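The block underneath contains the structure these notes are about, expressed in structure tokens.
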Amino acid sequence: MSRYLNVGMIQSAGTSMDFETCLARIHRDVDNLMIQMNKPELIVGVEMAIGRFWSGDETEIGGDPIPGKVTEELSKIAKQYGIYFIPGSMLEVKESNGETLRYNSIPIFNPQGELIDVYRKMCPYYPVEDIITPGREYCTFDIKEKDIKIGVLNCHDWCFPEISRNLALMGAEVLIKPAIDPEGLYEICKSIPRVRALENQAYFISMNMTGEYLGSYAYGHSVVCGPDGMVLYEAGSTPASLTMTLDIDRVRDARRYGTCYTDQFLRQLKFFNPPMPYANNWADAPVYKTIPDHDKDCASREADFRENKIMNICK
């Protein structure tokens with residue numbers, strides 16, 4: 001018996017990042033998806049689609065706890081329509097041992113409106129996201145009605161293939177990645193979802209914001225790739241929403257018989273079992289004897305660029 005999943009995708013713009021505006025936009029976009037001919041069973045949004053602060057917060061990084069007022073509102077939407085719901089990410093604030101931590105977090109809801117998991121971005125886009133604490137836990141969840149497992153990652157996470165691979169090894173058949181990928185990176189990024197889908201024999205859904213965001217511009221072009229790495233859909237550079245029906249048994253066939261009935265990536269990974277001597281000892285890898293530590297913040301990055309004459313004209 002085939003397993004189909006109707007996935008609703010919302011590629012939104014992000015000019016306003018207050019929770020009130022974002023929640024109203026999410027509700028409107030979900031309403032519009034749910035009156036279309038094919039109703040989604042799972043809806044996904046873009047990175048920071050949920051927002052970063054409540055109106056009146058002059059710092060604009062106040063965030064909200066999870067669970068909290070924001071997730072209460074999102075829970076109502078999931079329950080209203082009886083859908084699995086990955087509305088995108090938000091700025092989560094959390095008090096720990098007297099310290100305020102901020103995470104770039106993706107809350108996940110089931111059709112009963114229950115908050116079933118939270119994925120906290122493992123690889124924040126440093127130094128731009130220097131206020132964000134990295135998460136340390138992988139996130140998969142089951143759509144039990146259809147025996148489908150979903151894996152979740154966030155934006156810059158896709159640059160580290162270990163994350164997608166571990167989600168696949170945990171059984172994820174659909175990998176979902178909200179993002180804010182900026183203009184200038186489209187050409188070098190457009191191959192990544194195809195590669196991540198192919199090497200993990202999974203669907204890969206990359207949801208990217210479009211339009212202005214924090215003085216920059218996101219290029220949109222959200223994309224869906226099949227388990228053979230082929231592009232099934234690619235959006236443009238304006239806000240868009242649609243529902244696609246995915247045949248999840250294509251994943252099962254690729255993993256069982258091979259991609260295009262030839263390449264047995266996951267089956268052979270277990271057999272070859274290539275050694276990974278630095279998997280838990282990255283700092284011991286010889287490459288790190290020749291390159292410095294990552295940029296801690298934008299100021300130190302600028303100082304390094306000026307010292308090395310990469311940027312030495314502008315003030």
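The values are calculated or read from the model by the stated rules, or taken from the named source; none is laboratory data. Here the structure is a predicted model, which is why all the values come from computation and not from measurement. Don't worry about glycine lacking a Cβ; one is built from the backbone with ideal geometry, like all the others, and counts go over all protein chains shown.
Checking each residue in the range 279-300 for being under 23 Å from ILE132 (Cβ atoms) and charged (D, E, K, R) picks out ASP293, ASP295, LYS296, ASP297.
Criterion first (within 25 Å of ILE43 (Cβ to Cβ), among the hydroxyl-bearing types (Ser, Thr, Tyr) and in contact with a Ser or Thr (Cβ under 7 Å, 6 or more places away or on another chain)) does SER222 satisfy it? Answer is yes for this residue.
Does ASP253 satisfy the condition of being of a type in the set (Asp, Glu) and under 14 Å from the mean Cα position of the chain (by Cα)? Considered against the rule, which asks whether it is of a type in the set (Asp, Glu) and under 14 Å from the mean Cα position of the chain (by Cα), ASP253 comes out as no.
Under 15 Å from the mean Cα position of the chain (by Cα) and of a type outside the set (Val, Ile, Thr): does that describe LEU185? So LEU185 does not fit the description; no.
In the range 214-231, the residues that are free of Cβ contacts under 8 Å to residues at least 12 places away in the same chain never reach a residue that is of a type in the set (Asp, Glu) and assigned to a strand (DSSP E or B) with C-beta atoms less than 6 angstrom apart, at least six apart or across chains. Out of the residues in the range 32-53 that are in a loop (DSSP other than H, G, I, E, B) and touching a Pro at 6+ places or on another chain (Cβ under 7 Å), which is surrounded by the fewest Cβ atoms within 10 Å (Cβ to Cβ)? By that ranking, first place goes to GLU47.
When you scan the range 227-243, do you find a residue that is in contact with a Leu (Cβ under 9 Å, 6 or more places away or on another chain), buried (at least 23 other Cβ atoms within 10 Å of the Cβ) and under 20 Å from ARG165 (Cβ atoms), even just one? Checking the range 227-243: at least one residue is in contact with a Leu (Cβ under 9 Å, 6 or more places away or on another chain), buried (at least 23 other Cβ atoms within 10 Å of the Cβ) and under 20 Å from ARG165 (Cβ atoms). Among residues of the range 263-288 that are free of Cβ contacts under 8 Å to residues at least 24 places away in the same chain and of a type in the set (Ser, Thr, Tyr), those with a beta-carbon under 8 Å from a residue that is surrounded by 10 or more Cβ atoms within 10 Å (Cβ to Cβ) and not in a loop (DSSP other than H, G, I, E, B) at least six positions away or on a different chain give the pairs TYR278/ASP284. Considering the range 223-281, the qualifying strands (runs of 3 or more DSSP E), each wholly inside and each with 2 or more residues that are under 30 Å from THR15 (Cβ atoms) and either β-branched (Val, Ile, Thr) or at pLDDT below 95 (or both), run over 223-225.
Within the range 1-31, restricting attention to residues that are outside any strand (DSSP E or B) and of a type in the set (A, V, I, L, M, F, W, C), the residue that is farthest from the chain's Cα centre (by Cα) is MET1. Just one of the listed residues (GLU114, GLU137, GLU99) is farther than 15 Å from ALA179 by Cα, surrounded by fewer than 16 Cβ atoms within 10 Å (Cβ to Cβ) and under 17 Å from the mean Cα position of the chain (by Cα), namely GLU137.
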